[in-house]
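Comments concern the structure below.
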Amino acid sequence: MLPLLVLFLALAALGALLFWPRSGLLDRWRQARQLADRVQMEDALKHIHAREARGPLGTPESLAGKLGVTVKQALDLVSGMEESGLVQSTGRGLRLSQTGRKLALRVIRAHRLLERYLVDELRMPLEEIHAHADRREHAITEEELDALEARLGYPQEDPHGDPIPTSAGALEPQETTALTEWPVGRPARIVHLEDEPPETLAKIVAAGLAPGMQIEVRRVSSQNLVIWDGEEERALPPVAASNVSVVPLPHPVEAPTRLTSLRPGESGRVIKLRCAGFSRRRLLDLGITPGAVIECAFPGPLEEPIAYRVRGALIALRREQANEIEIEAITAAAE
Amino acid sequence: MATRTATTPDRILERAEQLRRGRDLAFRDQIVESIYADAQAIAERAVRRGKPAGPTWDERLDRVLTSRLWGFPIMLLGLAAIFWITIVGANYPSRALAFLFFEVEEFAAGLFASLGAPWWLTGFVWHGVYRGLAWVVSVMLPPMAIFFPTFTILENLGYLPRVAFNMDWLFKKVGAHGKQALTMSMGFGCNAAGVIACRVIDSPRERLIAILTNNFVPCNGRFPTLIMLATIFVAAAFPPALASFAAAGAVVGVVLIGVFFTLLVSWVLSRSVLKGEASSFTLELPPYRRPNIGQILYTSIIDRTLFVLWRAILMAAPAGGAIWLLSNISVGGDSLTGWVSGFLDPLGRAIGLDGVILLAYIIAIPANEIVVPTIIMAYLGAGMMLELDSLTELQALLVGQQGWTLLTAVSLMLFSLLHNPCSTTIWTMYKETGSKKWTALGALMPLAIAFVVCFAVAQTARAVL
């Protein structure tokens, strides 16, 4: 009698473990599968959307390459998406339907808002955020996105310079030129750094380029583009430069005066802060607002940080922070 | 005159979207700017100030306290002075309290005996739990009551932010935050308080580094051990007039080793599990102020001393009971203390200590201050925690009978400095990080470092000598 009871209980426990609604192994496995399917579909939509905007239209073959699946799997995926009315196959490749575009833009919005958050609030390096955002973008809900957007102050561009779609799904395209196509000697403003592949982006970031910078191409050789930013020359291999997009600048490149150029005892007036997000809020809270007069007071015993006097308070900043503050010098006589 | 526009919710949302797009991210800036503009206008109307003829007092002080030549020597001297005051000043009150508490114990134990209570009840309650409490209070209260107010004076003067300012360059090089210097200073009082103080660091990565490395500054509970060792093994080599200075100097040396490990571990962390660049750093250097004595006494006595003491009492009572039980339960002719320390002895010897010291550190996980009394108790084979009346007797016991050498002292100092944080600190880490993973790292990493360092030191010393 007893062995039977034990057997029965064991079977019941095993059954519960497997089939319990929501937390049972079977249901968990099903949920994981569903998530994986959604991730794949959303990534496919992103790819087709990107190809619609630039380059030849996406095909099942390109999709297979992008997602790392076999062409047969990609074909199955495409026919599944066609059935749900998300994409249409045309003679030249895949096109998104109205619903498909809306879904794609939702994922892109999630991706770019997350990137903004990672850079502004967590201060992650630019070349690392793409991979993080790629993982997180599928799990975040619409409400969380809206809250995140409000918290970030409705940013319009991601940290690479790509526009962020609105919650209604609008995306304003921008007319840009690749830096490799840009004529030598004409002033330009960097609007976008391509985030894939991350190795190239790391090279661009290491060369000191960032969205919003004013630049001019000085010389071009087969190995390097020499770029001038008003202060110094920076070299970038053409393969990386093709991932930098620029727009024309209506005036010549202006070298910014930075707070770091002040010597102890000298003063300046803040023109603008180049940083965003958390560090920007911090500086503003301390009274370092555009228009404020700031005086270099004294350096620390190891030369860094440096204490600055602003609005009667003494505030120590590291070189990185001081570099993000643009000023105009004021002489003692003008005060 | 109302204009007739179709105002469906969709239209309104669309309009809002357009307006937001037009604002160019700057509305937050504008809010802050206008607040500051208002404040400035009010200040200009209401405050009149003349241009001072020369540099102000603050400027002169800053020039010295943060100068390339004097900045660091003044910091070290200040630290040494605080330790010296604490060591010298705490000595007598500590002894008086201990005397008082042990009188009470004897009286109470006698009372229990005359009422016919069984010996184990008297022993457990009075020689175990009560004596654990008494030891912790008498050892901890006087140093804390001196250390915390002295420290709060520096804080009130406005000197501590200057320490952070001076040290920031080092912390930047290891990928940490300059305010970590402030949280470390708090750690001298109590690591749990130091971990809580890490809230002042506003970027999460650097805050976590500060929390995980706070243990490397020795807290008040560990100072008695360090001071005892410094007195027996360092000060003994100096003439009596200089002894207290030599002891304070040795403690400063240990603290500097702790600072070195803080920087080293921060460096490793910010290149491994907590990868990232040093993030934004802003530090306000407030004007120097005359310390407000009433406020200092209040904050340092109520908020810090009593808080830390209370939690030590909560931890020490059960630990005292445990020690009594371990020493009074015999299995096969030897007490449990004997068995466990015998078992731990090979491990202890390998890192320059012995089994008794390791056992003491296991028992002292709740409160580091009971390490030394536990060691003495186990050595003497006595059934309860003891304090020897004079350091000479202690020296005779440790050096003469138990064969402690300079290596034992150095290893014990290093182990005391580097080993795992006490259970309160671990619990505080958990509350501050909300993560079991980081808490486990914060507890086990120092322990591993302590073993590795002590092992290396012991083996090197034995190979060389």
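Here, each number is a calculation from the coordinates, and none is a lab measurement. All figures in this text were calculated on a predicted structure; none of them were measured in a lab. Positions of Cβ are backbone-derived with ideal geometry, glycine not excepted, and every protein chain shown enters the neighbour counts.
A few comments on the model shown:
- Start at zero, step by 20 Å, and the Cα-Cα distances of chain B spread as 21, 48, 21, 8, 2, 0 percent across the bins.
- When the alpha carbon gyration tensor of region A:25-96 is reduced to an equivalent ellipsoid, its three semi-axes come out at 24, 12, 11 angstrom, largest first.
- Under the criterion of Cα pairs below 8 Å and six or more residues apart, the relative contact order for chain A equals 10 percent.
- Approximate spin-label separation B:L336-A:V247, in nm, with each point projected 7 Å along Cα-to-Cβ: 7.6 nm
- Residues B:A241 and B:A108, FRET efficiency given R0 of 25 Å [Cβ-Cβ distance, rounded to 0.05]: 0.05
- Where only alpha carbons of region A:111-163 are counted, the Rg and the Dmax (Å): 10.2, 28
- Comparing A:L14, A:L63, A:L249 in a Gaussian network model of chain A (Cα springs below 10 Å), the most mobile by mean-square fluctuation is A:L14.
- Cα-only radius of gyration and Dmax that characterise region B:249-334, units Å: 22.4, 68
- Gaussian network model of chain A, Cα within-10 Å springs - most flexible of A:L209, A:L262, A:L126: A:L262
- Gain in span if fully extended, B:R20 to B:V47, counting 0.36 nm per residue against the direct Cα distance: 5.9 nm
- Per-selection Rg to Rh, region B:31-124 - Cα, Kirkwood hydrodynamic radius: 1.47
- Rg over Rh for region A:177-248 works out to 0.91, both radii taken from alpha-carbon positions and Rh defined as the Kirkwood radius.
- Remark on region A:81-171: ratio of C-alpha radius of gyration to 2.2 N^0.38 Å is 1.18.
- Spatial separation of Cα centroids for region B:198-226 and region A:288-310, in angstrom: 28 Å
- Here the relative contact order of chain B, from alpha carbon pairs under 8 Å that lie six or more residues apart, stands at 17 percent.
- With the largest listed first and rounded to whole Å, the semi-axes of the equivalent ellipsoid of region A:257-330 from the Cα gyration tensor are 17, 14, 11.
- Scattering profile of region B:329-465 at q = 0.09, 0.18, 0.20 Å⁻¹ [log10 I(q)/I(0), Debye over alpha-carbon scatterers]: -0.31, -1.08, -1.23
- Solvent-free Debye scattering, log10 I(q)/I(0), computed from the Cα coordinates of the protein assembly as shown at q = 0.05, 0.07, 0.08 Å⁻¹: -0.40, -0.74, -0.90
- Relative packing of peptides A:82-89, A:99-106 - highest average C-beta neighbours within 10 Å first: A:99-106, A:82-89
- Burial ranking of peptide ranges A:287-295, B:350-358 (average Cβ count within 10 Å, highest at the top): B:350-358, A:287-295
- Peptide B:34-41 shows a mean partner chain C-beta count of 3 within 10 Å per residue C-beta.
- Listed by chain and number, the aspartates and glutamates placed with their C-alpha closer than 13 angstrom to that of A:K203 are A:E127, A:E128, A:E194, A:D195; residues fewer than eight positions away on the same chain are left out.
- In sequence order, region B:149-162 has phi-based couplings of x, 4, 5, 5, 4, 4, 4, 5, 4, x, 7, 4, x, 5 Hz under the Karplus curve 6.51 cos²θ - 1.76 cosθ + 1.60, θ = phi - 60°, and Gly or Pro positions carry x.
- Inter-chain shielding of A:297-310 (mean C-beta neighbours from other protein chains, 10 Å cut-off): 6
- When the alpha carbon gyration tensor of chain A is reduced to an equivalent ellipsoid, the three semi-axes, largest first, read 48, 29, 17 Å.
- Remark: mean inter-chain Cβ contacts per residue of B:167-176 equal 3, using a 10 Å Cβ-Cβ cutoff to other protein chain atoms.
- Pair A:R219, B:W427: separation of 7 Å Cα→Cβ label points (nm): 6.9 nm
- With the simple spin-label model, which puts each label point 7 Å out from Cα in the Cβ direction, the B:Y92 to A:I330 separation comes to 5.9 nm.
- Of all lysines in the structure, those lying under 18 Å Cα to Cα from B:K275, and not within fewer than 8 positions of it along the same chain, are B:K172, B:K173, B:K437.
- Summary of packing: across the peptides B:156-163, B:293-300, the per-residue average of other C-beta atoms within 10 Å ranks them, highest first, as B:156-163, B:293-300.
- The angle between the Cα long axis of helix B:27-46 and the longest principal axis of the Cα atoms of chain B comes to about 90 degrees, rounded to the nearest 10.
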